[in-house]
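Before any comments, here is the structure.
Only the coordinates and a few stated rules stand behind these numbers; no lab work does. Quick caveat, the model's predicted, so the values are computed rather than measured. Cβ: placed from backbone, ideal geometry, glycine included. Neighbour counts: every protein chain shown.
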Amino acid sequence: MGKKGKIFLTLTIILLGGASAFYWFYKDVYFPNVDLGNEKSVVVFILTGSTYDDVKKILADKQILKNEKSFDWVAEQKKYKNNIKPGRYRVTKNMSNNELINMLRSGNQEAVTLTFNNIRTKQQLSGRVARKLEVDSNELYKVLNDDELMMEKFGLKGQAVLSMFIPNSYQFYWNTSAEEFLKRMAAEYKKFWTEERKQKSKTINLSQTEVAVLASIVQEEQNRFDDEKKIIAGLYINRINKKMPLQSDPTVKFALGDFGRTRILNKDLEIDSPYNTYKNTGLPPGPICIPEISSLDAVLNYEKNNYLFMCAKEDFSGRHNFSKTLEQHNVYAAKYRKALDARNIKR
């Protein structure tokens, strides 16, 4: 072979080698390396404080990667190994190493929707939040019970802390901390309390927290038919203005810690608790549940009426009979007790 032939051969080998190297480089970076079988996508959770080895184990446990070595190489090139971001990530079928690592490295996680309603205690709230977010329920519960901290940060303490939470659907990143969650809820609380709502609160001579407390009682009295809520709110405001005890059965249930009660007995009314509105006048010290927006607005826009008494209807429809006098109330109450007896409902 002549000199020119050798040069040509050498160049050919170099070009082929370069082309081959480029192919393998392109393949490792851009070819699909995620195999999910019949699934279109899976969700992976990367905990706060995770290392690269933790990430590799998460991906291996779900059998996501076709080729782990190529993932390692691309992760090294893109400096992901020292740039782990926690979160809830949706991995889709046929993603390349480049796509997967870019998503994980940038923290481009999928938000979760947190909805809370029908919550009566801080413990229930903590559990509901922890089922959706990384935050530990015990940690959040501890913070909610830290009166000094809650007063310093949000101006609330005790059961009144629950008045800060406005039931709705909220978008959060999964790795939201307890502190971040509470700051977001405080911001949503401020957003809810518009100048118009604040003025209405002043007009009825109730603080924002007191509105939430009364709304929680309205909520527990009527959680099926919103059209009754304004009537009930008006009834209780009449009692407050007359300095009459509210005599609300749901507050006694809260004091007993027995929320499933259908029937309140006379002996139950003797419980020694600030939430027993048969023994104590005025509003209890905190809400007995997290009231819905419809209940809060029902208090702020209560119906002006002359009702002082209410009793569940004997048809168990969930609606109520309202009375202006004790005599009329006793008639309705007797009918309801008779209906309870007929169904053998003892408590």
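Here are the numbers for this structure:
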| read-out | value |
| --- | --- |
| Filter pass, Thr194 being surrounded by fewer than 18 Cβ atoms within 10 Å (Cβ to Cβ) and either without any contact (Cβ under 8 Å) to a residue 40 or more places away in the chain or more than 20 Å from Leu300 (Cβ to Cβ) (or both) | yes |
| Residue count, region 298-318 (criterion: surrounded by 14 or more Cβ atoms within 10 Å (Cβ to Cβ) and either more than 30 Å from Gln199 (Cα to Cα) or among the aliphatic types (A, V, I, L, M) (or both)) | 9 |
| Count - residues of region 224-248 that are surrounded by fewer than 20 Cβ atoms within 10 Å (Cβ to Cβ), touching a residue at least 24 places away in the same chain (Cβ under 8 Å) and polar (S, T, N, Q) | 2 |
| Among the residues listed as Thr209, Thr251, the single one being hydroxyl-bearing (Ser, Thr, Tyr), buried (at least 18 other Cβ atoms within 10 Å of the Cβ), assigned to a helix (DSSP H, G or I) and within 22 Å of the chain's Cα centre (by Cα) | Thr209 |
| Any hit, region 266-287, residues being surrounded by 15 or more Cβ atoms within 10 Å (Cβ to Cβ) and in a helix (DSSP H, G or I) | yes |
